[in-house]
Amino acid sequence: MAPRSAPRARRRARVAVFALLLVTDCLHPAAREPHPAVARVAAATAAARDLPRLRSLLVSVDGALVHEQYFGGTRAASPANIKSASKSVMSALVGIALQKGLVSDISQPIAPHFSVELGTGTDPRTRAITIEHLLTMQTGLESTSGRNYGAWVRSANWVRYALRRPMLADPGTAMEYSTGNSHVLSALLTRVTRQSTWQFAQESLARPLGFTLARWPQDPQGIYFGGNEMLMTPRQMIAFGELYLNDGRAGDRQLFPADWVKRSFVARGRSRWGSDREYGYGWWIRSLDGHPAYYAWGYGGQFVFVVPSARMVLVTTSDPNVSRERREHLEGIYALAESVLGAVTAAPAR
C-alpha cells in the first residue's frame, strides 16, 4: 500500500508544475524574466482559499496573465454563466454598432424600432425612451428584476412585457435596475444588425478577441437574452476586460470608439441598494484601494474588474447558487480585488 503522504506529494508536484507554467506564461518577450507582479500577486491571493464558492481567479497586468487559479473542479475551458455581467457585453455591442454606423446616436428614441411592442395604449412617456436610457437603467419603467423577474421570463413576449411596465418616473431622471432594459438592447441590436445578437457578438466581438462565443438562451421570439445567462470562460472574460483597458482595440482593430470606453465609465446613476455602487453604460463603478475601478458584475460573484490606472484586469467566477453567505462572498471578492490591486501597484516598474 502506498504511504498516505503520496497523494499529498502528488498534489504538491502538480502545484509546482502549475506555478512553473504560470511563470513561463508571464515571461517578458525580450528579457524572458517573470513579470514583476507575479510573486506579489500570488501572495495577495492567499485569501482566495477562504471563499468556498469561488471557482476561478485570474489577473492580467499590461496584457500579461500574471495569475490563474481554479477551484472546485473548474478548469480553464469550463464556461461560466456570467449572469448580469452580460449587461456589460451588451453595452460593448452597442459601442460596436456605433463604430459600424448601425446606430447613429444613442440619444435617439427607440420607439420607431418597437411600435408593435409599445402599442397605442402605453404611457406616452415611453416614446421618449432612448438607447442611452436603456444603457443607464433610466427608462422610468418599473423593473423586471427582483420580485418581478419570474413573471417577466414566463411572459409570452419579453420585449413587449418590459416596454409595457408602468412608468414610475420620467425617462432619464432616476435609475431603476432592470434586466428588461438590457434585453430590449438585444432586440434593438437584432433589428439594426439584421442578425441575431449571438451572430453579431460572434463576428464583431468574440472573433477579433480570438475566441468562439457559446450560444446562450433566447426568449420566445428567438432574441438572445440581453442581460443574463451568457456563457464565457474566465480567459475570455479577461480578454473582454482588456478590450476596455486598450480603449476598444483588439490587435490592429478598433472594435468600438475609444471615446465609448470613457463614456461608459462615467457615473450616470447610483444604485438604491448601495451608495458606493454607481452605474455607467452597463458598467458598475467604485473605488478599489484608492483607484477608480469599473466592473461587470454578475449575480453570485461573476466579476470583470478593469482598473486603468494599474493596467489591471481581474476576473472571478463563482458558484451562482443562492446561499446565506452570498453577501460575505461578495465582500470577500472586493477585499481580494483590493489586496491584488495593492500588490500590483507595489510591484517595481518594468
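Worth a mention:
- Yes/no for Ile333 being in contact with an Asp or Glu (Cβ under 6 Å, 6 or more places away or on another chain) and not charged (D, E, K, R): no
- Wholly enclosed strands (runs of 3 or more DSSP E) of region 220-325 bearing at least 3 residues out of contact with any Ser or Thr (no Cβ under 8 Å at 6 or more places or on another chain): 284-288, 302-307
- Counting only helices (runs of 4 or more DSSP H) that sit wholly inside region 150-218, those with at least 1 residues that are within 17 Å of Thr130 (Cβ to Cβ) and in contact (Cβ under 8 Å) with a residue 40 or more places away in the chain are 158-163, 179-193.
- Subset of region 93-123 that is in a helix (DSSP H, G or I), small (Gly, Ala, Ser) and in contact with a helix residue (DSSP H, G or I) (Cβ under 9 Å, 6 or more places away or on another chain) - its residue that is surrounded by the fewest Cβ atoms within 10 Å (Cβ to Cβ): Ala111
- Residue list for region 117-135, restricted to those being of a type in the set (Lys, Arg) and in contact (Cβ under 8 Å) with a residue 24 or more places away in the chain: Arg125
- Within region 33-78, being charged (D, E, K, R), closer than 20 Å to Leu243 by Cβ and in a strand (DSSP E or B) holds for one residue alone: Glu68.
- Candidate set from region 292-324 (those that are β-branched (Val, Ile, Thr) and surrounded by 18 or more Cβ atoms within 10 Å (Cβ to Cβ)); member that is nearest to Thr345 (Cα to Cα): Val307
- Take the conditions (1) more than 18 Å from Ser88 (Cβ to Cβ); (2) of a type in the set (D, E, K, R); (3) out of contact with any Phe, Trp or Tyr (no Cβ under 6 Å at 6 or more places or on another chain); Glu132 misses just one of them, which is (1).
Laboratory data are not the source of any read-out in this text; all were calculated from the coordinates shown. Not measured: the values here are computed from a predicted model. So basically every Cβ, Gly included, is an ideal-geometry build from the backbone, and we count neighbours across all protein chains shown.
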